[in-house]
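Accompanying notes for the structure given below.
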Amino acid sequence: MAQSYAGPIFDGPPDWARVPIARLESFHWEGEAPYRPASFAQLCAVRGKGVFVRMWSFEEPVRAVACERDDPVYKDSCLECFLNPFPALQNAYLNFEMNPKGVFLAEFGPGREGRVRLSKMTDLAPVVTPFSLSTPQGDAWGVLLLIPAELIEAVYGRPFPIVSCTMAGNFYKCGDETKHPHFGAYFPVGSAALGFHNPQRFGTIAFTEEAIYI
């Protein structure tokens, strides 16, 4: 099972061909007919911008009902990134959950309960751009997420320089009310009661100065 993920730092637009691909292969809480759509994630940083996350899934059929920010997109076909940029300082983490329309739910807090929507904390917002892929393996839907450095700084109340650092987090694929409900992750989750909101089981996500690309 995966234990860590390291992404590069760019001084310009991300070159996704040079960013490691994480395959979400740890599935949980499966019924008699498990469904495991091939799903992937990439993460990098761009100086002067913030954190970029690119995720996609070869899921079929796709459900996309939620249409407003902070709607329950996890009931739809959903890709998620949970991230704590400062794990050595505090336990609170960000969760970004996105459907095929690019509609997203974004929250902050230390665990499953008592989470606060980012829209209540700051006027700054993540940028989510949906996309689709057509490959010999099939069709996929995906999202490109930009978490501005200024947003991280506003929520945590501390600077977030784009330099070599170690964070904590996980990538997820779910669809609570899709035709084939499924719950996939990059790092194993463990607790059915906590679901994806189990920061004790987050893995290491890092940016490395050795992987700076121009």
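Just a few scattered comments:
- Qualifying residues in the range 11-31 (those that are closer than 17 Å to Y172 by Cα and in a loop (DSSP other than H, G, I, E, B)) - the one modelled with the lowest pLDDT: E30
- Residue identified as in contact with a Lys or Arg (Cβ under 7 Å, 6 or more places away or on another chain), modelled with pLDDT of 95 or more, surrounded by 19 or more Cβ atoms within 10 Å (Cβ to Cβ) and not in a loop (DSSP other than H, G, I, E, B) among P37, P8: P8
- Taken together, A22, A45, A64 contain a single residue that is within 16 Å of F131 (Cα to Cα) and surrounded by 14 or more Cβ atoms within 10 Å (Cβ to Cβ), which is A64.
Residue-wise test of (1) under 16 Å from the mean Cα position of the chain (by Cα); (2) over 15 Å from F196 (Cα atoms); (3) acidic (D, E); (4) in a helix (DSSP H, G or I).
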{"site": "E68", "(1), (2), (3), (4)": "no, yes, yes, no"}
{"site": "P130", "(1), (2), (3), (4)": "yes, yes, no, no"}
{"site": "A140", "(1), (2), (3), (4)": "no, yes, no, no"}
{"site": "P159", "(1), (2), (3), (4)": "no, yes, no, no"}
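- Of the listed requirements (1) crowded, with 21+ Cβ neighbours inside 10 Å; (2) touching a residue at least 60 places away in the same chain (Cβ under 8 Å), V73 misses just one: (2).
The values are calculated or read from the model by the stated rules, or taken from the named source; none is laboratory data. Treat the numbers as computed from the prediction; the structure is a model and nothing was measured. No Cβ is skipped: glycine too gets one built from the backbone with ideal geometry, and neighbour counts run over all protein chains shown.
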